[in-house]
Amino acid sequence: MNVLILGAGAVGLSIAAKLSSVCNVHAVCRERHAEKIHLDGFKMTGIWGESTYSFSCSADIPEDNEFDYIFIASKSTATESICEQFKDSIKGHEVISMQNGLGNEEIISKYTDSVIGGTIITGFEWKGDATINVSVESGPMNLGRFPSGMDESVIRLAELVREAGISVETTENIKTSIWSKVLYNSALNPLGAVMGVPYGKLSNSHSWSIIRNIVEEAFQVVESEKVPLPWNKAEEYLEYLHDVQIPNTANHHSSMLQDLSSRRRTEIDFLNGAIVRMAEELGVEAAFNSFISEQIRFMEDLQAN
Ligand SMILES: NC(=O)c1ccc[n+]([C@@H]2O[C@H](COP(=O)([O-])OP(=O)(O)OC[C@H]3O[C@@H](n4cnc5c(N)ncnc54)[C@H](OP(=O)(O)O)[C@@H]3O)[C@@H](O)[C@H]2O)c1
C-alpha cells in the first residue's frame with residue numbers, strides 16, 4: 001500500500017511516522033523538516049510511544065509514484081493551494097482531509113471525486129524541526145466517506161491506520177464528527193486567543209456568556225444542515241463543554257494564539273467564519289461568531305504589519 005501525506009506538519013508527520021511501519025509512505029513537508037528527518041530521523045515522544053522513525057519525505061512528490069491514499073494534513077488555510085499545487089496527483093485518487101474546520105472536504109471535492117473526511121482529537125506539539133510530542137488524546141480518529149456513507153475503501157484505510165497502532169473508528173456520518181469538533185474549536189479557540197488564556201479560564205461567567213452565544217448560533221446552523229449530533233440542544237452541548245471538555249483540556253492553549261504569535265493566518269474562516277457564512281445563507285443571525293471572527297482577523301492584520 002502506498003500513502004502520500006500532503007502538507008505534513010505536526011499531525012501529518014506523526015501519522016506518516018506511524019504508518020511507515022505498515023506501508024510505504026511519502027510525506028510532502030517543508031524543506032527544513034525534510035532535511036532534519038533525512039539527517040537524524042523523525043523523533044516522536046509522548047503517548048504514542050517514544051521512537052525515531054525514518055520515512056521518505058521532501059518538499060515535492062517523487063516522480064512516477066502511484067498512491068492508494070492521499071492525506072491532506074495542512075492547516076485549512078493551505079487546503080486550496082495544496083490542491084492546486086498537486087492537482088495532477090490528486091485527480092481521481094482517494095483523498096482524506098485530516099484537518100479541523102468546515103469546508104476542507106468541499107475544496108478537495110473540486111479536485112477529486114473520492115473524498116474521505118477525518119477527525120483527530122489528539123494533541124501534537126512541535127519540539128524541534130523533526131521532533132513531535134504527542135500530548136493528549138480524547139478519543140479515536142474518525143474516518144468516513146464524505147459527505148456520508150461507508151464503503152470498502154474507508155474500511156481498508158481504517159484497518160491500515162489501526163495496524164499502525166493508531167486508535168480509529170469508522171462512521172457513516174462523518175459530518176457529525178466534523179461538526180462536533182467544530183463546536184468545541186469555535187467555542188474555545190478564538191476566545192482563548194483573544195484573551196490569551198488557557199481553556200480552563202474560559203468557564204468564567206463573563207467568557208461563558210460569550211461562549212453560550214457562539215454555540216447557540218452554531219446550533220441554529222447545524223440544525224438547518226440536518227447533521228445529527230450527540231446533543232439534542234445547544235444547552236446539552238454547553239453542559240458537556242463546561243463539565244467535561246473544558247476540565248479535560250484546562251491547560252491547553254489555543255492553536256490560534258500560537259498561529260498569531262508565529263504571524264501565521266489562523267483557521268478562523270473555517271470555524272466561526274464558516275458558521276457566519278452558512279448562517280447568512282440561511283438568513284439567521286450569527287452576531288457573536290461574526291464579532292469574534294473580525295477580532296481574530298484584526299489580530300492577524302496587526303501581526304502581519
Ligand atoms: N496540532 C494538533 O494538535 C492538531 C490536532 C488535531 C487537529 N489539528 C488540525 O490538523 C491540521 C494540521 O495541523 P498541524 O498542527 O499539523 O499544522 P502544522 O504543524 O502547521 O503542519 C502543516 C504543515 O504543512 C506545511 N505546508 C503547507 N503548505 C505546504 C506545501 N504546499 N508544501 C509543503 N508543506 C506545506 C506547513 O508549512 P508552513 O507553516 O510553512 O506553511 C506546515 O509545516 C489543522 O487543520 C489543525 O487544526 C491539529
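Applying the set (1) within 13 Å of the ligand (Cβ to nearest atom); (2) in contact (Cβ under 8 Å) with a residue 60 or more places away in the chain to G139 leaves exactly one unmet item: (2). Scanning segment 154-173 for residues that are buried (at least 19 other Cβ atoms within 10 Å of the Cβ), assigned to a helix (DSSP H, G or I) and touching a residue at least 40 places away in the same chain (Cβ under 8 Å) yields L157, V161. Checking E94, E125, E84, E106 one by one, the residue that is within 30 Å of N189 (Cα to Cα), more than 12 Å from the ligand (Cβ to nearest atom) and assigned by TED's automatic domain parsing to the domain that holds L13 is E106 and no other.
Just wondering, is there one or more residues in segment 52-68 that are touching a Phe, Trp or Tyr at 6+ places or on another chain (Cβ under 9 Å), within 16 Å of the ligand (Cβ to nearest atom) and closer than 30 Å to P190 by Cβ? There is no residue in segment 52-68 that is touching a Phe, Trp or Tyr at 6+ places or on another chain (Cβ under 9 Å), within 16 Å of the ligand (Cβ to nearest atom) and closer than 30 Å to P190 by Cβ.
For segment 175-187, name all the residues that are touching a residue at least 60 places away in the same chain (Cβ under 8 Å) and in contact with a Ser or Thr (Cβ under 7 Å, 6 or more places away or on another chain). Residues satisfying the conditions are S177, I178, K181.
Results for (1) in contact with a strand residue (DSSP E or B) (Cβ under 8 Å, 6 or more places away or on another chain); (2) surrounded by fewer than 16 Cβ atoms within 10 Å (Cβ to Cβ); (3) among the charged types (D, E, K, R); (4) within 18 Å of K127 (Cβ to Cβ), shown as yes or no for each residue.
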position	(1), (2), (3), (4)
G46	yes, no, no, yes
N65	yes, yes, no, no
F71	yes, no, no, no
T79	yes, no, no, no
G92	yes, yes, no, no
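Where helices (runs of 4 or more DSSP H) fall wholly inside segment 174-279, the ranges with 1 or more residues that are of a type in the set (G, A, S) and surrounded by fewer than 17 Cβ atoms within 10 Å (Cβ to Cβ) are 205-225, 255-261. For segment 12-28, the tally of residues that are within 12 Å of W48 (Cα to Cα), aliphatic (A, V, I, L, M) and either without any contact (Cβ under 8 Å) to a residue 40 or more places away in the chain or touching a strand residue (DSSP E or B) at 6+ places or on another chain (Cβ under 6 Å) (or both) stands at 1. Can you find a residue that is within 20 Å of the chain's Cα centre (by Cα), under 21 Å from E294 (Cα atoms), in contact (Cβ under 8 Å) with a residue 24 or more places away in the chain and within 14 Å of the ligand (Cβ to nearest atom) anywhere in segment 218-229? Within segment 218-229 (the criterion being within 20 Å of the chain's Cα centre (by Cα), under 21 Å from E294 (Cα atoms), in contact (Cβ under 8 Å) with a residue 24 or more places away in the chain and within 14 Å of the ligand (Cβ to nearest atom)), the answer is no, since none of the residues qualifies. Counting the residues of segment 3-35 that are away from the ligand (no atom under 12 Å from the Cβ), of a type outside the set (S, T, Y) and farther than 15 Å from F86 by Cβ gives 8.
The values are calculated or read from the model by the stated rules, or taken from the named source; none is laboratory data. Small disclaimer: the values here were computed from a predicted structure and weren't measured. Positions of Cβ are generated from backbone atoms using ideal geometry, with glycine treated the same way; all protein chains shown enter the neighbour counts.
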